Ligand SMILES: Cc1ncc(COP(=O)(O)O)c(C=O)c1O
């Protein structure tokens, strides 16, 4: 019998709120803040009519114009992939097949798919807080820059040190478009694989497009592992158009900065210290689960992280609440009101 797969929790899970509470308990539609996806996506629909007819009908072969758009946005030789998730799954498979069983150190807490996918392929996975990575021998180290959900970043000297401490350093830069600072792909380190995503900043999560920056050997191995035509022609054309739209990018960065600041001001007003990126703010607190539940009862759905400390490591569990950007002023005010009704209750139980 094929075993039942263990669930890997993610945000963007409003269906779970609906299953549990039905329609929003406060009698209003749900305010879904459970994802870090840009609520003001790049306007793909407007570009649909400009797509070449062949993108619908022909198998997507090499396309110099698409490649040029990816190269300009992410760096030379950027390999388009069907979401960075596809690369997250392919890397452990590739390593297993060609290089055997790896000792893998994965940043904790972080995007849960990394540890899960290396584990599913039978690799020995060790979770580590950022400062503990690379202290003992590892074949592979996986980090996220900036990290989801903490927003923590890694500077170039730390990245060089981590790359020197392992055979392959995977850097998940899915949220980098919505943060400051350059990609670590620019360091040109031969044993580094960098993952980018059009699902977050561009808000095109449904398009399933990301990119991988890596040495030619890793790039070619990944391309072969993902197989021919892994990204659809329409998705490639739309992604390239989004990446070429530097005016939209500049305006959106400003808009997100303002929105993240406004969200931060509301959280701070209720005594909630926060960190994160321009696409989400995370409140790290031992009261995260209670806060999550109380907000849900008012129709505001957030992403709860309630993660046990890694085994073998002394230190606290990680409890946090991640909030995506409210899509308009009324939504921000609704969050403000929900927090006003919730936070004092937590302080005086
Ligand atoms: C940190 C991080 N990396 C990668 C992904 C995968 O995104 P995608 O496959 O849409 O590029 C996610 C999705 O939530 C994420 O949070």
Open item on the list: Take the residues in the range 207-223 that are away from the ligand (no atom under 16 Å from the Cβ) and touching a helix residue (DSSP H, G or I) at 6+ places or on another chain (Cβ under 9 Å); name whichever of them is farthest from residue 174 (Cα to Cα).
Closed with: 221
Open item on the list: So for the range 91-104 (the condition being at pLDDT 95 or above and closer than 23 Å to residue 203 by Cβ), does at least one residue qualify?
Closed with: no
Task: One residue from 346, 335, 304, 325 being free of Cβ contacts under 8 Å to residues at least 40 places away in the same chain and under 16 Å from residue 274 (Cβ atoms) - done: 304
Task: Candidate set: the range 285-303, residues that are in contact with a strand residue (DSSP E or B) (Cβ under 8 Å, 6 or more places away or on another chain) and crowded, with 21+ Cβ neighbours inside 10 Å; chosen: the one nearest to residue 347 (Cα to Cα) - done: 291
Open item on the list: Which of the numbered conditions does residue 158 fail, given that it passes all the others? Conditions: (1) surrounded by 19 or more Cβ atoms within 10 Å (Cβ to Cβ); (2) within 27 Å of residue 281 (Cβ to Cβ).
Closed with: (1)
Open item on the list: When you scan the range 57-66, do you find a residue that is closer than 16 Å to residue 238 by Cβ, surrounded by 20 or more Cβ atoms within 10 Å (Cβ to Cβ), in contact (Cβ under 8 Å) with a residue 60 or more places away in the chain and within 16 Å of the ligand (Cβ to nearest atom), even just one?
Closed with: no
Task: Top-ranked residue in the range 1-23 [being within 16 Å of the ligand (Cβ to nearest atom) and part of a loop (DSSP other than H, G, I, E, B); ranked as modelled with the highest pLDDT] - done: 13
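From the list 279, 238, 243, exactly one residue is in contact (Cβ under 8 Å) with a residue 12 or more places away in the chain and closer than 23 Å to residue 333 by Cβ. Which is it?
Step by step, each of 279, 238, 243 is checked, and only 279 is in contact (Cβ under 8 Å) with a residue 12 or more places away in the chain and closer than 23 Å to residue 333 by Cβ.
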Task: Residue match in the range 81-102 (condition: touching a residue at least 60 places away in the same chain (Cβ under 8 Å), more than 16 Å from the ligand (Cβ to nearest atom) and loosely packed, with under 12 Cβ neighbours inside 10 Å) - done: yes
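Residue-by-condition table, conditions (1) in contact with a strand residue (DSSP E or B) (Cβ under 7 Å, 6 or more places away or on another chain); (2) within 16 Å of the ligand (Cβ to nearest atom); (3) farther than 30 Å from residue 122 by Cα:
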residue	(1), (2), (3)
25	no, no, yes
32	yes, yes, yes
48	no, no, yes
55	no, no, yes
70	yes, yes, yes
75	yes, no, yes
Task: Scan of the range 40-50 for residues that are surrounded by fewer than 18 Cβ atoms within 10 Å (Cβ to Cβ) and under 28 Å from the mean Cα position of the chain (by Cα), ordered by number - done: 40, 43, 45, 46, 47, 48
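The values are calculated or read from the model by the stated rules, or taken from the named source; none is laboratory data. Predicted, not measured: the structure shown is a model, and the values here were computed from it. When we count neighbours, we look across all protein chains shown, and the Cβ atoms used for this are built from the backbone with ideal geometry, even at glycine.
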